[in-house]
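Worksheet for the structure shown next.
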Amino acid sequence: MNTTLKHWKEAATLILAAGHKLGADSLSSRTPLAAAAGSLLDSSNGRSHLPRKSCFDYDVLLLKRSSKSTFMPSAYVFPGGMVHSSDFSSEWLDIFKSFSNSPNFGLRSVTQPVQTRPPLFATDRLKLGSPIPGEVALRICALRETFEESGVLLSVSKLEEKSLLKSLDGRWTPDRDGPLHYNVNDLCSRELDKWRDLVNQNPSNFIKMCRELEVLPNIWALHEWGNWLTPAGRYGVKRFDTAFFICCLQEIPHALQDEKEIVCFKWSTPSEVLQSYQAQELWIAPPQVYELSRMCRVPLLNDLHNFSRQRATEGCEQLLPVVYLKDEHYTTLLPGDRCYLLATSGEDGVGTSTDSQLEDPQEQDSALHRIVTVDPYTITLQITITPKYNHLLPVLAPTFPNDSKSRL
């Protein structure tokens, strides 16, 4: 882990999507990605709208944080948390020793030039004293935290490990042919509960668990999705540089809250979560709103899996928000917005300008990439730029059905 960072703590989170059966009026499971995404567009005005929840054949896992949490209390979040030193431990070399001759333990390479890679991924971990590549350790962190918070263990058994090794030369990965089939490697729930308690007590026990149970954290099923940094002064003094990964499962696994940091969990479609948020039934932070709105472009699990797997090799953009407060409304600028470079001050991303250009932009060619927050449950995504690295543009839809002026 990078202890030299001044403003942030490194973290990792996992967007976990799992399939369910479609209703009679749902889209065909054979609908291609382009058609599925295009079906969300209103041809009359070019706007994008949230699809019906019946269009989705998958749910996303969200966990509700305790009201006593010092960071985003009572918020619904994706599983994840702060990197622990054990995620970069050299002991993982023994766990992954079969993959010692494969770069990044057999993970697929990313074509994004190192000069433009987010520092979270590009940092040379050997210079920081760890032989574990960042792309591996961050996935270990996401898997460990998912296990701690929800009880869902994504792992590879010894038998699967042998198949994976035999196929590496052909660039096969465990989820090449579709969403991952979830299994717990024939482990009994009592044994998993025991290990979950131990890992919660000390994250380094995750290494011990993998060694004793003879399993590997399934780093190959996680695909790079994004990188968000906590803006200055928005959520207290804690700030995180967080890697977002995504994983698609064929079916919903059994999950349990940890009764500590997490008080309950929820499986829902992306559009259903956003609608519950708009109705003030739950609260999610802007990055979750943004990413769930992206997922609304892809209502079918197979399409989401294929898209995320293929897109991940292109890399991702670092999203460091710069937040302004004006007339009780927050305007959050993101990279690519025409005011972003003017507003950003140094590596901490603190907003220093009160430039009038932030107000009511009307130019046809204006480059906008911003989030306007009216109140905790009413936000507007204003985006006219093309996403980098072949990523999805968030769906823009009415914040409230009867309010045509509010847009999500």
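The values are calculated or read from the model by the stated rules, or taken from the named source; none is laboratory data. Since the structure is predicted, the reported quantities are computational estimates derived from the model, not experimental observations. No Cβ is skipped: glycine too gets one built from the backbone with ideal geometry, and neighbour counts run over all protein chains shown. Protein only, heavy atoms only, side chains kept; ligands, DNA and RNA dropped before computing areas. Shrake-Rupley method; radii C 1.70, N 1.55, O 1.52, S 1.80 Å.
For Leu300, are the conditions met, namely being among the hydrophobic types (A, V, I, L, M, F, W, C), surrounded by 22 or more Cβ atoms within 10 Å (Cβ to Cβ) and under 16 Å from the mean Cα position of the chain (by Cα)? Working first, answer last.
Details: among the hydrophobic types (A, V, I, L, M, F, W, C): yes; surrounded by 22 or more Cβ atoms within 10 Å (Cβ to Cβ): yes; under 16 Å from the mean Cα position of the chain (by Cα): no.
In short, no.
Quick check, is Gly226 surrounded by 13 or more Cβ atoms within 10 Å (Cβ to Cβ), at pLDDT below 90, outside any helix (DSSP H, G or I) and not hydroxyl-bearing (Ser, Thr, Tyr)?
Numbers: surrounded by 13 or more Cβ atoms within 10 Å (Cβ to Cβ): yes; at pLDDT below 90: no; outside any helix (DSSP H, G or I): yes; not hydroxyl-bearing (Ser, Thr, Tyr): yes.
No: the conditions fail for Gly226.
I'm checking my understanding of the structure. Among residues of the stretch 305-334 that are part of a strand (DSSP E or B) and among the β-branched types (Val, Ile, Thr), which one is least open to solvent (accessible area, probe 1.4 Å)? Step through it out loud before you land on a result.
Initial filter on the stretch 305-334 (part of a strand (DSSP E or B)): 318-319, 322-326, 329-333.
Among the residues that remain, those that are also among the β-branched types (Val, Ile, Thr) are: 322-323, 331-332.
Working: Val322: 0, Val323: 35, Thr331: 25, Thr332: 16 Å².
Here the answer is Val322.
Each row is one residue, and each column tells you yes or no for (1) surrounded by 17 or more Cβ atoms within 10 Å (Cβ to Cβ); (2) under 22 Å from Glu224 (Cα atoms).
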| residue | (1), (2) |
| --- | --- |
| Ile252 | yes, yes |
| Leu256 | no, no |
| Ser276 | yes, no |
| Pro286 | yes, yes |
| Ser293 | yes, yes |
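Is one or more of the residues making up the stretch 24-37 modelled with pLDDT of 85 or more and closer than 28 Å to Leu154 by Cα? It would help to see each step written out before you state the result.
To start, the set of residues in the stretch 24-37 that are modelled with pLDDT of 85 or more comprises none.
For the stretch 24-37, residues modelled with pLDDT of 85 or more and closer than 28 Å to Leu154 by Cα: absent.
Among the numbered criteria (1) assigned to a strand (DSSP E or B); (2) crowded, with 18+ Cβ neighbours inside 10 Å; (3) modelled with pLDDT under 90, which one does Val374 miss?
(2)
Filter the stretch 57-116 for residues that are of a type in the set (S, T, N, Q), under 18 Å from Ser204 (Cα atoms) and in a helix (DSSP H, G or I); which is least open to solvent (accessible area, probe 1.4 Å)?
Initial filter on the stretch 57-116 (of a type in the set (S, T, N, Q)): 66-67, 69-70, 74, 85-86, 89-90, 98, 100-102, 104, 109, 111-112, 115-116.
The next check asks that each one be under 18 Å from Ser204 (Cα atoms); those that pass are 85-86, 89-90.
Still in the list and also in a helix (DSSP H, G or I): 85-86.
Numbers: Ser85: 67, Ser86: 9 Å².
Among those residues, the one meeting the criterion is Ser86.
Within the stretch 258-274, count every residue that is open to solvent by less than 10 Å² (accessible area, probe 1.4 Å), closer than 24 Å to Leu300 by Cα and of a type in the set (A, V, I, L, M, F, W, C).
Here is the first cut: in the stretch 258-274, the residues open to solvent by less than 10 Å² (accessible area, probe 1.4 Å) are 262, 268-271, 273-274.
Then keep just the ones that are closer than 24 Å to Leu300 by Cα; that gives 268-271, 273-274.
Then drop every residue that is not of a type in the set (A, V, I, L, M, F, W, C), which leaves 273-274.
Count: 2.
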